[in-house]
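Trainee: Just dropping this structure here.
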Amino acid sequence: MNEISNFGPGVQGLVASQCKNPPVIFNFGDSNSDTGGLVAGLGFPVNLPNGRTFFHRSTGRLSDGRLLIDFLCQSLNASFLSPYLDSLGGSRFTNGANFAVVGSSTLPKYVPFSLNIQLMQFLHFKSRTLELATAGFGNFVTDEGLRNALYIIDIGQNDIADSFSKQMSYAQVTKRIPSVILEIENAVKVLYNQGGRKFWIHNTGPLGCLPQKLALVQKKDLDPIGCISDYNSAARIFNEGLRRSCERMKSQFSGATIVDVDIYSIKYDLIANSSKYGFSSPLTACCGSGGPPYNYDIRVTCGRPGYQVCNEGSRYVSWDGIHYTEAANSIIASKVLSMAHSSPSIPFDFFCRN
């Protein structure tokens, strides 16, 4: 599974990782980092052309190829994360597990697969793994592996997007944001109390630049690059709150390394300066229907009967109107790995167990 040499052009030069002992990685999140949890957990069909570029089959990822999480794993010479819910994947989860599932949010707390549910799954996984390891049932993550593991959190986008889609006003949406951030803070606290010390937290991207939102929102005030201003403003308020929360946690949790990564600025720059990165039509979905400007129709989404898809090799930022193409994800990964958008600015391979 470890095709380091197949990184996209955006990541070349940044993958000469000296990581001989990759960390165990546990990921919590939504569709931005779901490597097949929705399909494994609910049997929900995610068909080709999803996966066409890299895997040449659908793996349950909502993209034509690899996601940011895949590039991050590859940069550490780590294998791709298996979805926790995949009973047929054959994984012993010795390299970690992915709890992320499409559509997940932080609130409400007890709805599959909210961050809280993902956390409960992790706690169950941890106790069962240690039980089996102690009983001598072969190769499982050890207590030491769990303590030295890297915990990645990438969630919040759906909390904001769902609030807007429920016709909440901008003021109502932003009022909910502190409770969303509190859920993320609580998750870190639980993991810290379980012995976790290494955390990597992504903020949310520019929601207002998603072709899906641009196609569906009737009354919209657009910014200079054509994105919905109040959606992006809400995302920035969330991100600022998350940044402050991470600063608080850094001072509270002694011995912990907590890195927060500004995904918003990376994605906004990619869309605003798309031609510089070799992309055209950054607000148009590669896979969808309806044609320009957004090529998004909620009745005929990517993979559904009647969809159209751009030619393989053409450079689109948006894959299906919500998620990014592998080409875009490779650029995003190279920016994340550059450390220019991380606080503190530490290299990702700091987490290796060398």
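The values are calculated or read from the model by the stated rules, or taken from the named source; none is laboratory data. The shown structure was predicted, so the numbers you read here are calculated from the model rather than taken from an experiment. Backbone-built Cβ (ideal geometry, glycine too); neighbour counts: all protein chains shown. What goes into the accessible areas is simple: the full protein's heavy atoms, side chains included, and nothing from ligands, DNA or RNA. Shrake-Rupley method; radii C 1.70, N 1.55, O 1.52, S 1.80 Å.
Trainee: Can you tell me which residue in the range 169-204 is farthest from the chain's Cα centre (by Cα), limited to those that are surrounded by fewer than 17 Cβ atoms within 10 Å (Cβ to Cβ) and of a type in the set (Ser, Thr, Tyr)?
Mentor: Ser169
Trainee: How do the pairs read when you match residues in the range 124-138 that are over 16 Å from Leu85 (Cα atoms) with residues anywhere that are part of a helix (DSSP H, G or I) and open to solvent by 100 Å² or more (accessible area, probe 1.4 Å), using Cβ under 9 Å and keeping only pairs 6 or more apart or on different chains?
Mentor: Phe137/Glu131
Trainee: Test each condition in (1) assigned to a loop (DSSP other than H, G, I, E, B); (2) over 27 Å from Glu144 (Cα atoms); (3) touching a residue at least 60 places away in the same chain (Cβ under 8 Å) for Thr35 and report the one that comes out false.
Mentor: Result: Thr35 fails condition (2) only.
Trainee: In addition: Test each condition in (1) small (Gly, Ala, Ser); (2) open to solvent by 60 Å² or more (accessible area, probe 1.4 Å); (3) assigned to a loop (DSSP other than H, G, I, E, B) for Ser251 and report the one that comes out false.
Mentor: (3)
Trainee: Give the number of residues within the range 199-234 that are small (Gly, Ala, Ser) and not in a helix (DSSP H, G or I). Talk me through it step by step, then tell me what you get.
Mentor: Kept after step one, since they are small (Gly, Ala, Ser), are these residues of the range 199-234: 205, 208, 215, 226, 229, 233-234.
Then drop every residue that is not not in a helix (DSSP H, G or I), which leaves 205, 226.
Result for the range 199-234: 2.
Trainee: For the range 280-304, what are the residues that are open to solvent by less than 20 Å² (accessible area, probe 1.4 Å) and either without any contact (Cβ under 8 Å) to a residue 24 or more places away in the chain or not in a loop (DSSP other than H, G, I, E, B) (or both)?
Mentor: Residues satisfying the conditions are Ala285, Cys287, Gly288, Ser289.
Trainee: Looking at (1) in contact with an Asp or Glu (Cβ under 8 Å, 6 or more places away or on another chain); (2) in a helix (DSSP H, G or I), can you tell me which one Gln118 breaks?
Mentor: With respect to (1) in contact with an Asp or Glu (Cβ under 8 Å, 6 or more places away or on another chain); (2) in a helix (DSSP H, G or I), Gln118 is out only on (1).
Trainee: May I pose another question? Return the total of residues in the range 41-76 being closer than 29 Å to Cys352 by Cα and modelled with pLDDT under 95.
Mentor: 0
Trainee: Sticking with this one: Tell me which residues, restricted to the range 215-241, are of a type in the set (A, V, I, L, M), out of contact with any strand residue (DSSP E or B) (no Cβ under 9 Å at 6 or more places or on another chain) and open to solvent by 50 Å² or more (accessible area, probe 1.4 Å). Steps first, answer last, please.
Mentor: Taking the range 215-241 as the starting set, the residues that turn out to be of a type in the set (A, V, I, L, M) are 215-217, 222, 225, 228, 234-235, 237.
So of that shortlist, the ones also out of contact with any strand residue (DSSP E or B) (no Cβ under 9 Å at 6 or more places or on another chain) come out as 216, 225, 234-235, 237.
Matches in the range 215-241: Leu216, Ile225, Ile237.
Trainee: Within the range 148-182, how many residues are in a loop (DSSP other than H, G, I, E, B) and more than 30 Å from Gly195 (Cβ to Cβ)? Before the answer, list the steps.
Mentor: Our first condition is that a residue be in a loop (DSSP other than H, G, I, E, B); within the range 148-182, this holds for 148-149, 155-156, 166-169.
Restricting the remaining residues to those that are more than 30 Å from Gly195 (Cβ to Cβ) gives 166-169.
Looking only at that region, the number is 4.
Trainee: Please give the number of the condition Ser274 fails out of (1) among the hydroxyl-bearing types (Ser, Thr, Tyr); (2) open to solvent by less than 10 Å² (accessible area, probe 1.4 Å); (3) closer than 28 Å to Trp319 by Cα.
Mentor: Of (1) among the hydroxyl-bearing types (Ser, Thr, Tyr); (2) open to solvent by less than 10 Å² (accessible area, probe 1.4 Å); (3) closer than 28 Å to Trp319 by Cα, only one is false for Ser274: (2).
Trainee: Of all residues in the range 68-106 being open to solvent by less than 10 Å² (accessible area, probe 1.4 Å) and over 18 Å from Leu150 (Cα atoms), which is farthest from the chain's Cα centre (by Cα)?
Mentor: Among them, the one singled out is Thr106.
Trainee: Hey, could you check the range 155-168 for residues that are more than 17 Å from the chain's Cα centre (by Cα) and hydrophobic (A, V, I, L, M, F, W, C) and say which is most open to solvent (accessible area, probe 1.4 Å)?
Mentor: Result: Met168.
Trainee: With respect to the numbered conditions (1) part of a loop (DSSP other than H, G, I, E, B); (2) open to solvent by less than 50 Å² (accessible area, probe 1.4 Å), which one is the sole condition not fulfilled by Pro112?
Mentor: (2)
Trainee: Separate question: Would the range 185-201 turn up any residue that is of a type outside the set (Ser, Thr, Tyr) and farther than 18 Å from Ala256 by Cβ?
Mentor: There is no residue in the range 185-201 that is of a type outside the set (Ser, Thr, Tyr) and farther than 18 Å from Ala256 by Cβ.
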